[in-house]
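Q: Next up is a structure, given as structure tokens.
Coordinate-derived values only; no laboratory data. These figures come from a predicted structure and were not determined experimentally. Reconstructed Cβ throughout: ideal geometry from the backbone, glycine too, with neighbour counts over all protein chains shown.
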Amino acid sequence: MRILIADAFPEEHRNRLAAAHDCDYAPDTTAEQLPAELSGYDSLVVRSTRVTAQALDSADALRLVIRAGSGTNTIDTDAASRLGIRVCNVPGRNAIAVAELACALLLAIDRNIADNVADLRAGRWDKKRHSQARGIFGRDVGVVGLGQVGLAFAERAAAFGTRVHAVAKPGRDRQTLERAQDIGITFVDDLPALARTCDVLSLHVPATDTTRRLVDRDLLAQVRPGTIILNTARGDLIDEDALIEAMEAKGVRAGIDVFADEPTTGTGAFASRLAAHPHVCGTHHIGASTEQAQEAVAAETVRVIEEYAAGTVLHCVNPQPSREFAPSLPASDRT
């Protein structure tokens, strides 16, 4: 197989792929450059690089796109299905890293750590101001989404001595329910009830048609004054203007790792009212960016490719493409 890795990928796992396949590494490829780079490749591996319909249409041999992570909202899966291209992800391997960051943001907000550091670096000593913190123990924490990340965060939040809550949802598998019971999660009827119940809301759901702007004016009207909103999932989950209004009117605070219009490149200018707001403790979409998580994700990405080469498709998010792609067809003949 010819494989293009268009994002950062650990060397050990690149070498493992290169030992069995024709593998090219171009970690600085942008979404705009990708359409011109895909000719002749059977497989594409990306992390944050967007894979547009234009890129997929330009590929003349592509059969497999792997998102080295869990979310696939940066890949046009509808276009991939139309072209018979399998889209696979690597779910759960970065769950602990994201949960750790969510906990870090929670503690940083409660103890005002970012402003503590800024003042010290500027030569200001202000113990009076920075001594004001409520603490996490005994507070009510709402977890929105009980996938691998949500459960990992719930476990860690419970370890701080919080009361953890989630929305009851029919059809959850037994393993999830057993794990929730072990954590001590209490279920409420719906999301507005969760918002009214909790001091902290942590978001751990994918961006879909039903979850985009999940945190909107209506939901924020339900939250308590001073509620902490954590988002280490997807920027699309929050109506940013509505959150800013709630921060200014109700003292809501937020720990944000993902933004609606964040850059798609590793570095660049970023003008965001939400990121700049004094009630926000923000990070640069680094939830999964630990060495442990990236090693685990890379190892599973390699396994997906090896299994695909052997005839098995793992973690496919578009399991029934419109037709199987015949790589001998030129791009102009693909319909």
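Q: Can you find, among 96, 40, 23, the residue sitting farthest towards the positive end of the charge dipole of the chain, where Lys and Arg contribute +1 and Asp and Glu -1 at Cβ?
A: Checked the options; the winner is 96.
Q: Could you put 65, 317 in order, starting from the residue whose Cβ has the fewest other Cβ atoms within 10 Å? Could you put the intermediate results ahead of the total?
A: On the way: 65 27, 317 19.
Least to most surrounded, the residues fall as 317, 65.
Q: Okay, moving on. Per residue of segment 28-41, in order, report the coupling 6.51 cos²θ - 1.76 cosθ + 1.60 (Karplus, θ = phi - 60°) as ³J(HN,Hα) in whole Hz, putting x for Gly and Pro.
A: 9, 5, 9, 4, 5, 7, 4, x, 7, 9, 8, 4, x, 8
Q: Taking semi-axes √(5λ) of the Cα gyration tensor in Å straight from the coordinates, which label in [x] 39, 22, 19; [y] 31, 24, 17; [z] 44, 23, 17 is the correct one?
A: Among [x] 39, 22, 19; [y] 31, 24, 17; [z] 44, 23, 17, the one derived from this structure is [x].
Q: So what J values fall out for segment 87-93 if you push phi through Karplus, 6.51 cos²θ - 1.76 cosθ + 1.60 with θ = phi - 60°, rounded to Hz, Gly and Pro as x?
A: 10, 10, 10, 10, x, x, 6
Q: Arrange the peptides 141-147, 306-312 so that the one whose residues have, on average, the most other Cβ atoms within 10 Å appears first. Don't skip to the answer; put the middle values down first.
A: On the way: 141-147: 24.1, 306-312: 12.4.
Ranked from most to least packed, the peptides come out as 141-147, 306-312.
Q: Check residue 45: other-chain or 5+ apart residues with amide H under 5 Å from its amide H, H built from backbone geometry?
A: Amide H neighbours of residue 45, under 5 Å, 5+ apart: 4, 5, 6, 66.
Q: Amide H to amide H, which residues 5 or more places from residue 186 or on other chains are under 5 Å from it, using H placed in the peptide plane?
A: Sorted by chain and number, the residues that satisfy this are 164, 165, 166.
Q: Continuing with the same structure: Treat every Asp and Glu Cβ in the chain as -1 and every Lys and Arg Cβ as +1, leave all other atoms uncharged, and give the resulting dipole magnitude about the Cα centre to the nearest 20 debye. Mind showing how you got there, number by number?
A: Details: 36 positive and 45 negative charges, 229 e Å.
So the dipole magnitude of the chain works out to roughly 1100 debye.
Q: Hey, what do the phi angles of segment 44-50 turn into as Karplus ³J(HN,Hα) couplings, whole Hz, using 6.51/-1.76/1.60 and θ = phi - 60°, x for Gly and Pro?
A: 10, 10, 9, 10, 9, 4, 6
Q: Separate question: Do the sum for the chain: with -39,500 (n - 2.57) for every DSSP H run of n ≥ 4, divided by all residues, what is the mean residue ellipticity at 222 nm, to the nearest 500 deg cm²/dmol?
A: On the way: 13 runs with 116 residues, N = 335.
Result for the chain, helices only: -9500 deg cm²/dmol.
Q: Next question, about the same structure. Under a straight-distance cross-link criterion of Cα-Cα below 30 Å, which lysines are reachable from residue 169, leaving out those fewer than 8 residues away in the same chain?
A: By straight Cα distance, residue 169 reaches 250.
Q: Need one number for segment 95-282: average projected area of the convex hull over its C-alpha atoms, nm². Working shown, then result.
A: Values: hull surface 45.4 nm².
Projected over every direction and averaged, the Cα hull of segment 95-282 covers 11.4 nm².
Q: For 305, 183, what ranking results if the residue with the fewest other Cβ atoms within 10 Å of its Cβ goes first?
A: On the way: 305 25, 183 19.
By the 10 Å Cβ count, ascending: 183, 305.
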